[in-house]
Structures are given as structure tokens and as C-alpha cells.
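The values are calculated or read from the model by the stated rules, or taken from the named source; none is laboratory data. Since we're looking at a predicted model, the values are computed, not measured. Using ideal geometry, Cβ is built from the backbone for each residue, glycine included, and neighbour counts are taken over all protein chains shown.
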Amino acid sequence: MLDKIIDHYCRFLTALCVLALAVMVVLVFGNVVLRYGFNSGLTMSEELSRWLFVWMTFLGAVVALNERSHLGSDMLVQHLPIWGKKVCLGLSHLLMLFVCWLLFKGSWDQALVNLETTSPVMEFSMSIFYASGAVCAVSSALIILKHFFELITNRLSEAELIGIRESEDEPLDLPKPQA
């Protein structure tokens with residue numbers, strides 16, 4: 001059940017990333033055409049594109065975390081026995097949860113500090129910009145907690161104990177969750 005909810009959430013985030021990228025392309029390309037062709041431009045194009053890029057990066061990181069698509073190195077871990085792989089994976093989950101807390105705390109504090117501050121061009125609250133980190137931190141923490149729960153309840157195969165790829169070209173051979 002939780003897998004389905006997270007998968008639907010990540011599909012929604014992917015759709016938001018696609019939409020953000022499309023809007024960024026239209027804004028930047030349109031601004032270039034307006035500047036060179038008509039000697040004018042959209043003043044909000046650069047600022048909105050920057051905001052969308054930041055949000056897209058954070059949301060994409062959540063999707064990649066769920067798909068276990070982040071790159072890493074398993075040079076040491078692959079040679080450990082199963083219990084060693086479990087310990088390393090558990091420690092990495094705990095460290096990632098700590099980093100999620102730091103990201104959330106910092107983003108939340110910045111959002112509160114900048115609640116009344118508006119962006120120079122669009123005049124939107126800057127807290128919207130900083131909220132991207134908080135959304136990423138909370139979403140990532142929930143996914144990491146799910147992965148940690150799977151680890152401590154022995155629901156992971158040995159292949160899943162090394163949940164990273166050393167190359168973008170290398171497929172990650174993990175079993176798909178059952179519906």
C-alpha cells in the first residue's frame with residue numbers, strides 16, 4: 001500500500017518536473033527570441049526559470065531516491081558479508097535521515113526568515129523558493145524510512161543491500177514491488 005502511494009507521489013513529482021522543464025524552455029527561448037528579434041523581453045523569465053530549476057532539482061532528487069538511481073561507489077560494500085552490507089546500509093540510512101533533518105531545518109528557517117521578503121521581479125514571497133528544500137527533505141525522509149523499515153524487517157534481497165549504481169549506463173537489478 002505504501003509503495004503504491006509513494007509511486008503515485010513520485011509520478012506526480014515527475015510530471016511537475018516535466019512541466020517545470022517545459023515552462024523553463026518556453027520562457028528562456030521566448031525571451032531570447034524577444035530580445036534578439038524585437039528588442040524587448042520578459043522581465044520575469046530569468047527569475048521564474050531559476051525558481052523552477054531549483055524546484056525541479058529538489059523534486060527530481062526525491063524521484064531518483066525512490067528509484068534508487070543515485071550514483072555511488074560500492075567498492076568496499078560489495079565484498080562484505082550480508083550482515084556487513086546490512087549494517088552499512090542501515091548506517092547510511094541513518095546518516096541520510098540526519099542530512100534530511102539538516103536540510104529541512106535550514107530550509108524551514110530560511111523560509112520563515114524570508115516570509116515577508118519578496119523576489120525582485122515577480123514579487124512573490126522568497127519563502128516559496130526556500131520551501132523546495134523542506135519539501136525535498138520531508139519527502140526524502142519518508143522514502144528513506146520506508147527503505148529502512150524494509151531493511152530491518154528483512155524484506156531486501158542481497159542485491160538490494162547495495163542499492164546504488166557505479167555508472168549511469170549500468171542498470172540497477174532490483175526486483176519491482178508487487179502490486
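Test of understanding: among R11, R35, which residue is of a type in the set (D, E, K, R) and modelled with pLDDT of 95 or more? Let's see the steps before the verdict.
On the way: R35 fails: modelled with pLDDT of 95 or more.
After ruling out the rest, the residue left standing is R11.
Please go through the range 3-25 and give me each residue that is more than 15 Å from E67 (Cβ to Cβ) and surrounded by 13 or more Cβ atoms within 10 Å (Cβ to Cβ), ordered by number.
L16, A20, L21, V23, M24 - these are the residues of the range 3-25 that are more than 15 Å from E67 (Cβ to Cβ) and surrounded by 13 or more Cβ atoms within 10 Å (Cβ to Cβ).
So if I check each of S107, S139, which one is in contact with a Phe, Trp or Tyr (Cβ under 6 Å, 6 or more places away or on another chain) and modelled with pLDDT of 95 or more? Working first, answer last.
Numbers: S139 fails: in contact with a Phe, Trp or Tyr (Cβ under 6 Å, 6 or more places away or on another chain).
So the residue among S107, S139 that is in contact with a Phe, Trp or Tyr (Cβ under 6 Å, 6 or more places away or on another chain) and modelled with pLDDT of 95 or more is S107.
Residues that are in contact with a Gly (Cβ under 8 Å, 6 or more places away or on another chain), part of a helix (DSSP H, G or I) and farther than 26 Å from L2 by Cβ: does the range 103-113 have at least one?
yes
From the list S107, S127, which one is in contact (Cβ under 8 Å) with a residue 24 or more places away in the chain and either over 15 Å from R50 (Cβ atoms) or buried (at least 18 other Cβ atoms within 10 Å of the Cβ) (or both)? Full working, then the answer.
Working: S127 fails: in contact (Cβ under 8 Å) with a residue 24 or more places away in the chain.
Residue meeting the stated conditions: S107.
Could you tell me which numbered condition L89 fails, if it satisfies all but one of (1) in contact with a strand residue (DSSP E or B) (Cβ under 7 Å, 6 or more places away or on another chain); (2) surrounded by 12 or more Cβ atoms within 10 Å (Cβ to Cβ); (3) of a type outside the set (V, I, T)?
(1)
Mind checking which pairs have a first residue in the range 39-56 that is polar (S, T, N, Q) and a second that is not in a helix (DSSP H, G or I), Cβ under 7 Å, 6 or more apart or different chains?
Correct list of pairs: T43/V121.
For the range 110-123, how many residues are touching a residue at least 24 places away in the same chain (Cβ under 8 Å) and surrounded by 12 or more Cβ atoms within 10 Å (Cβ to Cβ)?
At the first step, the residues of the range 110-123 found to be touching a residue at least 24 places away in the same chain (Cβ under 8 Å) are 119-122.
Next, from what is left, pick out any that are surrounded by 12 or more Cβ atoms within 10 Å (Cβ to Cβ): 119, 121-122.
The qualifying residues number 3.
Condition test on F129, is it closer than 22 Å to C17 by Cα, aromatic (F, W, Y), modelled with pLDDT of 90 or more and not in a loop (DSSP other than H, G, I, E, B)?
On the way: closer than 22 Å to C17 by Cα: yes; aromatic (F, W, Y): yes; modelled with pLDDT of 90 or more: yes; not in a loop (DSSP other than H, G, I, E, B): yes.
Answer is yes for this residue.
Out of (1) surrounded by 14 or more Cβ atoms within 10 Å (Cβ to Cβ); (2) closer than 17 Å to V121 by Cβ, the odd one out for T43 is which?
Every listed condition holds for T43 apart from (1).
Go through the range 58-76 residue by residue and tally those that are surrounded by fewer than 18 Cβ atoms within 10 Å (Cβ to Cβ) and either in contact (Cβ under 8 Å) with a residue 40 or more places away in the chain or among the acidic types (D, E) (or both). Reasoning before the result, please.
Of all residues in the range 58-76, those surrounded by fewer than 18 Cβ atoms within 10 Å (Cβ to Cβ) come to 61, 64, 67-76.
Now narrow it down to the ones that are either in contact (Cβ under 8 Å) with a residue 40 or more places away in the chain or among the acidic types (D, E) (or both): 61, 67-74.
Here the count works out to 9.
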